[in-house]
Amino acid sequence: MSKVQILVSLAALQMVHVHGAEPPIQQGTPHPFVCSDYSAGKVFIVSAKGKAEWEYPAPNCNDLWILPNGNLLFTTGHGVKEVTREKELVFDYQSKSEIYACQRLPDGNTVMTNWLGHGNIGKAPHVIEFTRDKKVVWTFSDHKTMKTIASIQLCDVPGDTTKWEIKR
């Protein structure tokens, strides 16, 4: 093989790698899953075969959940969205603060964490619960003890998390 042929072959291999033509690598028993790609600014549903079967724009997403109705609930850096599998936006709550986590409650309310970093420590509640029509029904603040809350799971929601019984 000539030097030119080798260089062309190496360039072709690099193109395959860069453009995602190589299959995903999995070891062990595969699982379907949902995930957020913070750098790409998207959320994905991935099959057990490793194929991204669904995606939706989600800039700065740190948390997402599949709801009992099949919709996805996720953070967007400055808010929380709920999107159907048909990519219809059915809920959108926006905040001036950075939102890192969310949880849907059995009564339909949503809880989110208000991160409060970048000079916002002490300026707003750490946790906010609101209804589907965006009415705030509960807040929590403890600025002496906590600074920037990044995740949450309410502990009085009925069900066994090991059996996926918690309704989000």
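For segment 94-109, the Karplus equation 6.51 cos²θ - 1.76 cosθ + 1.60, evaluated at θ = phi - 60°, returns couplings of 10, 9, 6, 8, 7, 9, 9, 8, 8, 8, 8, 9, x, 7, x, 5 Hz by residue, with Gly and Pro reported as x. Which pairs in the list 51/96; 81/144; 87/135; 81/134 are over 23 Å apart, alpha-carbon to alpha-carbon? Beyond 23 Å: 51/96; 81/144; 87/135.
A crude spin-label estimate for the pair residue 105 and residue 118, with each label 7 Å from Cα along the Cβ direction, gives 2.9 nm.
Stretching residue 141 away from residue 22 to a fully extended chain increases their span by 38.1 nm, per 0.36 nm per residue minus the current alpha-carbon distance. Each of 118, 126 has some number of other Cβ atoms within 10 Å of its Cβ, and from fewest to most they run 118, 126. When 54, 65, 138 are arranged by Cβ crowding within 10 Å, least crowded first, meaning fewest neighbours, the order is 138, 54, 65. A cut-off of 5 Å between modelled amide H atoms, ignoring neighbours fewer than 5 places along the same chain, links residue 114 with 127, 128. Cβ crowding within 10 Å ranks 121, 25, 149, 99 as 25, 121, 149, 99, fewest other Cβ atoms first. The H on the amide N of residue 62, modeled in the peptide plane, is under 5 Å from the matching H of 75, 77, each at least 5 residues off or on a different chain.
Where a number appears in this text, it was derived from the coordinates with a stated rule and is not lab data. Keep in mind it's a predicted model, so treat the numbers as computed, not measured. All Cβ positions, glycine included, derive from the backbone under ideal geometry; neighbour counts span all protein chains shown.
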